[in-house]
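Okay, structure first, notes after.
The values are calculated or read from the model by the stated rules, or taken from the named source; none is laboratory data. None of these values were measured; they are calculated from a predicted model. In this analysis, Cβ positions are derived from the backbone assuming ideal geometry, glycine residues included, and neighbour counts consider all displayed protein chains. SASA here: full protein model, heavy atoms, side chains in, ligands and nucleic acids out. Shrake-Rupley method; radii C 1.70, N 1.55, O 1.52, S 1.80 Å.
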Amino acid sequence: MALQWTAEQVLALSPNAIALKRGKALAHPSRWPVLGVQNQTLWGECQTYQKKPYRTIIDLRGPAFCCSCASGQLPCKHAIGLFLLLTEQPTTKQAPFECGKLPAWGAKWLESRAQAAMHTQDGKNQLADDPAAVAAQTQKRLQRLQKRSHNVEAGITDLEQWLQDIVRAGLAELPARPYQFWDSAAARLVDAQAPGLASRVRALAGIPHSGRGWPERMLKALGQLHLLVQAYRQIEALPLPLQAEVRTQVGFTQTKEALQQLADVPGSQVTSQEDTWQVLGKIVTAEDALKTQRVWLWGLQTQRMALVLSFAHGRRQSLDSSLVPGACVRGKLIFYPGTGVQRALVASRQAAEAQHRAGIGHGRIEAAIAQYASSLMENPWQTRYPLALSSIFLRYDSAQWWVQDVEGDRLPLSRTFTQGWELLSLSGGRSLSVFGEWDGTSLQPLSVWSEKKFLALQTPVRASMLSKSAASNGRRMR
C-alpha cells in the first residue's frame, strides 16, 4: 500500500508552504503514540502540547482526510505528517503502523462518508422514479434557460457597442483608462449572466501595462472577444460541438449530475472514455477569493489529453487534491461537450502503477507548435494548451530560460519559472521530457522526467489576472 504513494506526491497535496513545513516536522513516529492501518484506511493520534491528542484519519481511496484539529484546511499538517510516515515505512527498520481494528471514532467517520454517498444516490433514484417531478424540473430548467438567454443577448449587444467604441478611439489611450473602465463593462456582463465574457473583459485591464508588445496582445484579445460574440450571434449555424464550446466560453455551465446522465446518450455530445490516466501536471490560479485548479491527464492507451477543473471559494473550501502529479489512475472520464482539448469529469477510478514514459510528447518543437495551431483551428478561444516535449535540452540565454530540441529550435519559458538551475542539475546536461502549459508566447513547465525519474514542479498560486491595485500601480509607473 505504501508503494502507491511517494513523499513527493504527498507533499504536492499540501494546501500551502506552512502546512507543508509543519507536516514534515510531524512525520516522526515519536509524535504518534498510536498508529494503525487497515485495508485502505490509515489513522493515528498525534501528541502535541494539547492535553488530548489530535485524531487523524486518511481514506487512501480518495485520498480523503479528517482531523480533530481546528484547521479548516484539508489536508492539515497532521494529515500530511501521518501520510509522510506511510511513504517512509519501507525504509524504516521497524514499521510504525500496526495492522489492527479501526477505532470507533475512525469507523464513525467512514460510516458518515458511506451514508452521505448513499443519500446522494437515493435522491437521484427517487427523482428518476417520479415522472411528474422530472417533467416539472425540466420545465423550470427550460424557463430559466430562456430567461438567461434573453439576458445574455442584451449583454452581448452592450458589449458589441463597447468594443466598437474602443476601436474608434484607438489603442493609444488605453493605458490611461482607469480600472473602473474595464470593471464596469465586466460587471454589466455579470448582470447579464455571461460570466465567461466578463472574465475576458477583466483580463483586458492588465494588457496595457504588460510591457513591450502590449498593442499586439490587446488586438489579439479583442479579436478573440469579437469572434466569440459573432459566434454566439450565429450559434445555430455552427456544428454541434462548436455550439457547445461557444456556450461554455460565454459562461453557460453544465452540472456534474447532468453530465453523468447524458454520458454516451446519442445526440447529447457527451462522451466517456476508460483508460489508464497519468497525471502530468497541476497548477492553481487565484482571482480574488476564488481558486481554480487545473489538472492535466494523459491516456496511456488512447493517447488523449484531458483537463480536470476544480474550484474553491474562500479559506474554508479546499481544492480537490486526489489527483497527484506523477500518479496513474485506472478509470472512466466523462468529457464535457466542446472542441479542442476537452474538460473532463472523473466518474470512477482506482489506483494504478505509475508509468513514466520518456517518449511522451513531441521530439521536435516544430511538430508541437503545428499541433497547437491545429488545436486553435478547433477552438480559437483556448488560452492555455497542454504541451509535452521529449528529448529537449534546457538553455539559459539573455536572462531567459529556453527549451531547445536537437534541431536547434527554441521555445521561451515563462518569466515566472524559477527552477531552471535545479532542472539543469537534474538533467546533468542530458535531454529531458517536459510538460507544461503553452499560452502562445511562453511555456510554463509543470513537470519533467528524465529516464525513469518524474518530478512535479512546485508552482506557486498565481493571480489569473491583474487586480485593481495592480492596474493602478501600472498607471502610476507610467
Would you confirm, using the coordinates I've provided, whether Leu204 is under 26 Å from the mean Cα position of the chain (by Cα), within 14 Å of Ile166 (Cα to Cα) and surrounded by 13 or more Cβ atoms within 10 Å (Cβ to Cβ)?
yes
With the structure loaded, tell me whether Trp5 is open to solvent by less than 60 Å² (accessible area, probe 1.4 Å) and under 16 Å from Ala351 (Cα atoms) or whether it fails that test.
yes
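Are any of the residues in the range 298-307 touching a residue at least 60 places away in the same chain (Cβ under 8 Å) and hydroxyl-bearing (Ser, Thr, Tyr)?
Step one: list which residues in the range 298-307 are touching a residue at least 60 places away in the same chain (Cβ under 8 Å), which gives 298, 305, 307.
Now narrow it down to the ones that are hydroxyl-bearing (Ser, Thr, Tyr): none.
No.
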Could you give every pair whose Cβ atoms fall below 8 Å, whose first residue belongs to the range 311-331 and is under 19 Å from Arg343 (Cβ atoms) and open to solvent by 50 Å² or more (accessible area, probe 1.4 Å), and whose second residue is modelled with pLDDT of 85 or more and hydroxyl-bearing (Ser, Thr, Tyr), counting only separations of at least 6 or pairs across chains?
Phe311/Thr292; Asp320/Ser310
Quick count over the range 376-399, residues being touching a residue at least 24 places away in the same chain (Cβ under 8 Å) and in contact with a Phe, Trp or Tyr (Cβ under 6 Å, 6 or more places away or on another chain), is 4
Identify all residues within the range 344-355 that are more than 24 Å from Gln382 (Cα to Cα), of a type in the set (Gly, Ala, Ser) and assigned to a strand (DSSP E or B); write none if there are none.
Ala347, Ser348, Ala351, Ala352
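Across the range 41-60, what is the number of residues that are among the basic types (Lys, Arg), without any contact (Cβ under 8 Å) to a residue 40 or more places away in the chain and either in contact with a strand residue (DSSP E or B) (Cβ under 6 Å, 6 or more places away or on another chain) or closer than 17 Å to Gly100 by Cβ (or both)? So that I can check it myself, show each step before the final result.
Kept after step one, since they are among the basic types (Lys, Arg), are these residues of the range 41-60: 51-52, 55.
Now narrow it down to the ones that are without any contact (Cβ under 8 Å) to a residue 40 or more places away in the chain: 51-52.
Pick out the ones that are also either in contact with a strand residue (DSSP E or B) (Cβ under 6 Å, 6 or more places away or on another chain) or closer than 17 Å to Gly100 by Cβ (or both) and you get none.
Qualifying residue count, the range 41-60: 0.
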What single numbered condition from (1) of a type outside the set (Ser, Thr, Tyr); (2) more than 30 Å from Ile334 (Cβ to Cβ); (3) within 24 Å of the chain's Cα centre (by Cα) fails to hold for Gly211?
(3)
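Take the residues of the range 86-106 that are open to solvent by 90 Å² or more (accessible area, probe 1.4 Å) and assigned to a loop (DSSP other than H, G, I, E, B): which is modelled with the lowest pLDDT? Walk me through how you get there before you give the answer.
Taking the range 86-106 first, the residues open to solvent by 90 Å² or more (accessible area, probe 1.4 Å) are 91, 93-94, 98-99, 101.
Next cut, assigned to a loop (DSSP other than H, G, I, E, B) only: 93-94, 101.
Values: Lys93: 46, Gln94: 51, Lys101: 82.
Checked the range 86-106; the qualifying residue modelled with the lowest pLDDT is Lys93.
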Within the group Arg357, Arg395, which residue is more than 21 Å from Gly326 (Cα to Cα) and either modelled with pLDDT under 95 or of a type outside the set (Lys, Arg) (or both)?
Arg395
May I ask you to list the residues in the range 144-183 that are assigned to a loop (DSSP other than H, G, I, E, B) and in contact (Cβ under 8 Å) with a residue 12 or more places away in the chain?
Leu171, Arg177, Pro178
Could you check the range 24-71 and list, in sequence order, the residues that are part of a loop (DSSP other than H, G, I, E, B) and either at positive phi or of a type in the set (D, E, K, R) (or both)?
Asn39, Lys51, Lys52, Arg61
Residue by residue through the range 13-44, note down the ones that are farther than 23 Å from Leu319 by Cα, of a type outside the set (A, V, I, L, M, F, W, C) and open to solvent by less than 40 Å² (accessible area, probe 1.4 Å).
Gly36, Gly44
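Let's see how each residue does on (1) under 19 Å from Pro103 (Cβ atoms); (2) within 21 Å of the chain's Cα centre (by Cα):
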position: Ala12; (1), (2): no, yes
position: Asn39; (1), (2): yes, no
position: Phe65; (1), (2): yes, yes
position: Cys69; (1), (2): yes, no
First in the range 221-243 and closer than 19 Å to Gly155 by Cα, second anywhere and open to solvent by 80 Å² or more (accessible area, probe 1.4 Å) and assigned to a helix (DSSP H, G or I), Cβ under 8 Å, 6 or more apart
Leu222/Val167; Gln243/Glu236
Picked from the range 208-267 (must be open to solvent by 70 Å² or more (accessible area, probe 1.4 Å) and among the β-branched types (Val, Ile, Thr)), the residue modelled with the lowest pLDDT is Thr255
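Here's the yes/no breakdown for (1) out of contact with any Lys or Arg (no Cβ under 9 Å at 6 or more places or on another chain); (2) modelled with pLDDT under 90:
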| position | (1), (2) |
| --- | --- |
| Gly408 | yes, no |
| Asp439 | no, no |
| Pro445 | yes, no |
| Phe454 | yes, yes |
| Pro460 | yes, yes |
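Report yes if Val341 is aliphatic (A, V, I, L, M), open to solvent by less than 20 Å² (accessible area, probe 1.4 Å) and in a loop (DSSP other than H, G, I, E, B), otherwise no. Before the answer, list the steps.
Details: aliphatic (A, V, I, L, M): yes; open to solvent by less than 20 Å² (accessible area, probe 1.4 Å): no; in a loop (DSSP other than H, G, I, E, B): yes.
So Val341 fails the test.
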